[in-house]
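Q: The structure follows.
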2 protein chains.
Amino acid sequence: MTTDLRSRIRAANESTVEIMLSAWDNVVWVGNETAIDVIPGMTPTTVMHAGPPITWVDMCSSMREGVIGGLLFEGLADTAEEAESLIAGGGITLAPCHEHRTVGGMTGITTASMPVHVVRDDQNGVEAYCRLHERKRALQWGERDQQVLEQLRWMTDVLSPMLSAAVRAKGGLAVKSITARALQMGDECHNRNVAATSLLVREMMPDLIALDWGKDDLEKVARFLQEDDGFYLHIDMAAGKAIAEAAKGIEYSTIVTTIARNGVEVGIRISGLGDSWFTGPADLLRGSYFPGFNDDNVDADMGDSAIMETMGLGGQIQAAAPVFQQIVGGTVQDAINHTREMMDISFGRNPAFVLPMLDFQAGPIGIDMLKVLETGVTPIIDSAMAAKKGGFAGAGQVRVPMECFQKAFRAFAERYGLGQ
Amino acid sequence: MTTDLRSRIRAANESTVEIMLSAWDNVVWVGNETAIDVIPGMTPTTVMHAGPPITWVDMCSSMREGVIGGLLFEGLADTAEEAESLIAGGGITLAPCHEHRTVGGMTGITTASMPVHVVRDDQNGVEAYCRLHERKRALQWGERDQQVLEQLRWMTDVLSPMLSAAVRAKGGLAVKSITARALQMGDECHNRNVAATSLLVREMMPDLIALDWGKDDLEKVARFLQEDDGFYLHIDMAAGKAIAEAAKGIEYSTIVTTIARNGVEVGIRISGLGDSWFTGPADLLRGSYFPGFNDDNVDADMGDSAIMETMGLGGQIQAAAPVFQQIVGGTVQDAINHTREMMDISFGRNPAFVLPMLDFQAGPIGIDMLKVLETGVTPIIDSAMAAKKGGFAGAGQVRVPMECFQKAFRAFAERYGLGQ
């Protein structure tokens, strides 16, 4: 590369990380809405999914289960068979969440009537969405029986509007304030969200109580939030997506603005390369299975939750959450080593997200594809496994395939040239 | 010491630590009561205080303020002057909380009408008490104006009975379950209790909502708990005291069962030496003052909260809470080194309280006065400073004076002999 190109890239990357940091300062959870009312391109017959684009035929098993569940939830089909023939007949549009200012956990299935968190950054003029995290058995894991659909209906009718009214009453909730505190409390905010969720619940309860709403519903909401340690994740993911939207499309920038997986492929997007996906094969996670699960009955790496890593959390900062090492059979030193590796492939640091275990050094932010290629170190994702038949099967870690970065580099070279 | 004496001591210490571990397994917060209804020896004219016994004349300034506040709260005096002449006239009994199955934070002031947490261990047949942690300005810090007394009245009339009813509705709350989880979340459960308090609030909210109680009170309770990161501490302290009661009075045991400070003296008690206090001078804490405070306008080490260190928390396990090092100007390595030092002077380990930063090693429990004397290492206490005029002035750490252990050792030698 020429010196000129290098300095253009450096300036672009500096801008990109600056925008990311400014966006982290400004992302506010402003309320919840119904998907079709806010998500651009959502229609009554659209099913959005996690990861890069994929056809029905190519989808992994749990994601197909999720798509069917979404159609059952919408009342577009009464049985799995009806759902499948509707899809086969071309009556349904499948689309990646990420192409519609949205992210989805695991299968990522998002349909018209589902409620979504709305996170807004007025400074950068962006807004992004993510479905509410379901408790226990869930469509997000590809489960779709009556119990799952009923919980989702209750979340739609009660939980979401109550949370939305409460957060509006307080004038919105700055996402950074909770995320930053949770990082001091053993969360890395992808696999572990128990501190963040607990802080969130404490923060929201007075406003929930103050609502003019029935006591029985209030109690059910409190019990739901008591039982779901992961509830905060999907608010943080919507924030991450808003940040990604602000940081994308900066000419010459080599910073990663998307990492997303559909269970078959991992796709990345690069700020300077706009909306193009660069994909590689999704691997199985390495970690701990729940009883009954093994390499043969789970799907490979899946979900848009790697928006957390894209924005400097999760696998980027394992040193924040030594407890995660118990899942992956690692040591505290592994967590520190991984974090230092991630610092090596990141362009910036986020002074708001400090790592106690590293003597309060600022965590990395802004994965630079050039640094990935130069070092041969690929980003780590802390995530979870979905059973092929649907269901939460375990948790672990996985690397983004190098192939994604190699493809992105070729596209970068084509677009910008490499100079002499 | 003879081999025989050494083996008697070893066996006694093993029993003591075994009881401590069994008590940790069994301490349950069963409800709240009014002090005079449960605390043995409490009378309408008793004021209990933190630390070893001390007279009115010898008390430090903030503790005197607290005593006056307690008398104002009880309506035994209408002004500070009236309170002081009541005390001077011998109308008031001063007594250490610790001699009445009770512990108190900072000044520790506990009077007849105040509500207390009741923690019970049915297995070991013990019950202990601690006043509720006040939010912000507080009698526990020696503050005693109208605002402070009004908050305390509201806590007595609303907060305490509501919490009590809620915890009874759930059949009690196992203290260990919250403490153990909080240690994975950056709390050492003396200086830092934000994770524990957040877990507690999430746990209690459904039961609080389910009560047949007014919505306005419920909202105020939720706001109080939202604003007081330290609320859990006094439940944990009552648990610690119950454990101390179970572990005391074991012949030949050299394990510390009390560390308590009254702002003038630090007193320890040893299991094999019953109820005798062994005292040394209280030092100033080293850490961070809030603006306006310095060595000249704060009182020395004070409070029964070192029951947490006595039971394996706080300064015993600084490695659980690297954030505390920001207060004392230390590094993560200091936190680890301190924890290793505390392991060196402790007889046992608590497998329920593991330290993520030390690759999930079990934390120390059962400070052994012989190990303190052999190593020259004294226990560390993570605590806070009270302003002489009353008020929260800062936080820091301090060591228990070696003199306490030297005196205890002389008493032990007198009682049990040292053999040949």
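Bear in mind these aren't lab numbers, they're just calculated from the coordinates by the rules spelled out. No experiment lies behind these values; they were computed from the predicted model shown. Every residue, glycine as well, gets a Cβ built from its backbone with ideal geometry; the counts of neighbours run over all protein chains shown.
Q: How much of the calculated P(r) for chain A lies past 41 Å, in percent of all Cα pairs?
A: 9 percent
Q: Hey, if you put +1 on the Cβ of every Lys and Arg and -1 on every Asp and Glu Cβ in the protein assembly as shown, which of B:MET369, A:GLY376, A:ALA35 ends up farthest toward the positive end of that dipole?
A: The residue sitting most towards the positive pole is A:GLY376.
Q: Ok, one more. For the ranges A:219-232, B:254-267, what's the packing order if you count other beta-carbon atoms within 10 Å of each residue, average per peptide, and put the highest first?
A: Put in order of decreasing packing, that is B:254-267, A:219-232.
Q: Compute the projected area of the convex hull of the Cα atoms of segment B:25-235, averaged over all viewing directions, and report it in nm² to one decimal place.
A: In nm², the orientation-averaged hull projection of segment B:25-235 is 11.4.
Q: A follow-up question, please. Any idea what the A:GLU150 label distances to the other copies are, label 7 Å down the Cα→Cβ vector, nm, shortest first?
A: Copy-to-copy label distances at A:GLU150, shortest first: 4.8 nm.
Q: Looking at segment B:25-235, send over the antiparallel percent of its DSSP beta bridges, to the nearest 5.
A: 70 percent
Q: In straight Cα distance, which aspartates and glutamates are under 17 Å from B:LYS389, not counting same-chain residues fewer than 8 positions off?
A: Result set, ordered by chain and number: B:ASP58, B:GLU65, B:GLU81, B:GLU84, B:GLU143, B:ASP145, B:ASP295, B:ASP296, B:ASP299, B:ASP301.
Q: Determine how many Å³ per residue the convex hull of the Cα atoms of segment A:1-101 encloses. Before the final figure, lay out the partial values.
A: Details: hull volume 15.6 nm³, N = 101.
Each residue corresponds to 154 Å³ of Cα convex hull volume.
Q: Give a residue-ordered list of calculated ³J(HN,Hα) values for segment A:138-145 (Karplus: 6.51 cos²θ - 1.76 cosθ + 1.60, θ = phi - 60°; whole Hz; x for Gly, Pro).
A: With the stated coefficients, segment A:138-145 comes to 7, 4, 4, 9, x, 8, 8, 7 Hz.
Q: For chain B, find the longest principal axis of its Cα atoms and tell me its angle to the long axis of helix B:402-416, 0 to 90°, nearest 10.
A: Its long axis makes an angle of about 60 degrees.
Q: If you average the C-alpha positions of segment A:309-357 and of segment A:6-29 separately, how far apart do those two centres end up, in angstrom?
A: Between the Cα centres of segment A:309-357 and segment A:6-29 lies a distance of 20 Å.
Q: Need the list of lysines near B:LYS371 for cross-linking: C-alpha distance under 18 angstrom, and skip anything on the same chain fewer than eight residues off.
A: B:LYS407
Q: Any chance you could list P(r) for the protein assembly as shown, counting all Cα-Cα pairs in 10 angstrom bins from zero, rounded to whole %?
A: With a bin width of 10 Å, the distribution comes to 3, 13, 21, 22, 17, 12, 8, 3, 1, 0.
Q: Also, quick follow-up: Quick check on my link table: of A:LYS220/B:LYS170; A:LYS170/B:LYS220; A:LYS388/B:LYS170; B:LYS176/B:LYS388; A:LYS170/B:LYS388; A:LYS136/B:LYS215, which ones sit more than 26 Å apart, alpha carbon to alpha carbon?
A: In this structure, A:LYS388/B:LYS170; B:LYS176/B:LYS388; A:LYS170/B:LYS388; A:LYS136/B:LYS215 exceed 26 Å between Cα atoms.
Q: Let me ask you something else. Peptide B:216-226: average number of partner chain Cβ atoms within 10 Å per residue?
A: Counting Cβ atoms of other protein chains within 10 Å of each residue's Cβ and averaging gives 4.
Q: Next up: To check you understand DSSP bridge types, tell me what percent of the beta bridges within chain A (both residues inside) are antiparallel, rounded to 5. Mind dumping the intermediate values first?
A: On the way: 45 of 51 bridges.
Expressed as a percentage, antiparallel bridges in chain A total about 90.
Q: Please compute, for peptide A:181-189, the average count of beta-carbon atoms on other protein chains lying within 10 Å of each residue's beta-carbon.
A: What the average comes to for A:181-189 is 5.
Q: Sticking with the crude label model, points 7 Å out along Cα→Cβ, report the distance from B:GLU374 to B:LEU86 in nm, one decimal please.
A: Modelled inter-label distance: 5.1 nm.
Q: Does segment A:331-409 come out rounded, prolate or oblate, given a ≥ b ≥ c as the square roots of the eigenvalues of its C-alpha gyration tensor, rounded meaning a/c under 1.5 and, failing that, prolate meaning a/b above b/c?
A: On the way: a/c = 2.23, a/b = 1.21, b/c = 1.85.
Taking the square roots of the gyration eigenvalues as a ≥ b ≥ c, segment A:331-409 is oblate.
Q: Which value, in Å to one decimal place, does the Kirkwood hydrodynamic radius take for segment A:285-420 when every pair of different Cα atoms is included?
A: After inverting the mean inverse Cα-Cα distance, the result is 16.0 Å.
Q: Under the definition of partner shielding as Cβ atoms of other protein chains within 10 Å of a residue Cβ, what is the mean value for peptide A:197-204?
A: Mean inter-chain Cβ contacts per residue within 10 Å come to 6.
Q: Follow-up. Taking the label point as lying 7 angstrom from Cα along the Cα-to-Cβ axis, what are the distances from A:ARG410 to the corresponding position in the remaining copies, in ascending order and in nanometres?
A: 8.5
Q: Defining the label point at 7 Å along Cα→Cβ, can you sort the distances from A:ASP58 to the same site in each other copy, shortest first, in nm?
A: Sorted ascending, the copy-to-copy spacings read 8.2 nm.
Q: In addition: Quick check: the angle from helix A:233-247's long axis to the longest principal axis of chain A, C-alpha only, nearest 10 degrees?
A: Around 40 degrees separate the two axes.
Q: For helix A:160-169, what angle does its Cα long axis make with the longest principal axis of chain A, in degrees from 0 to 90 and rounded to 10?
A: With rounding to tens, the tilt is 60 degrees.
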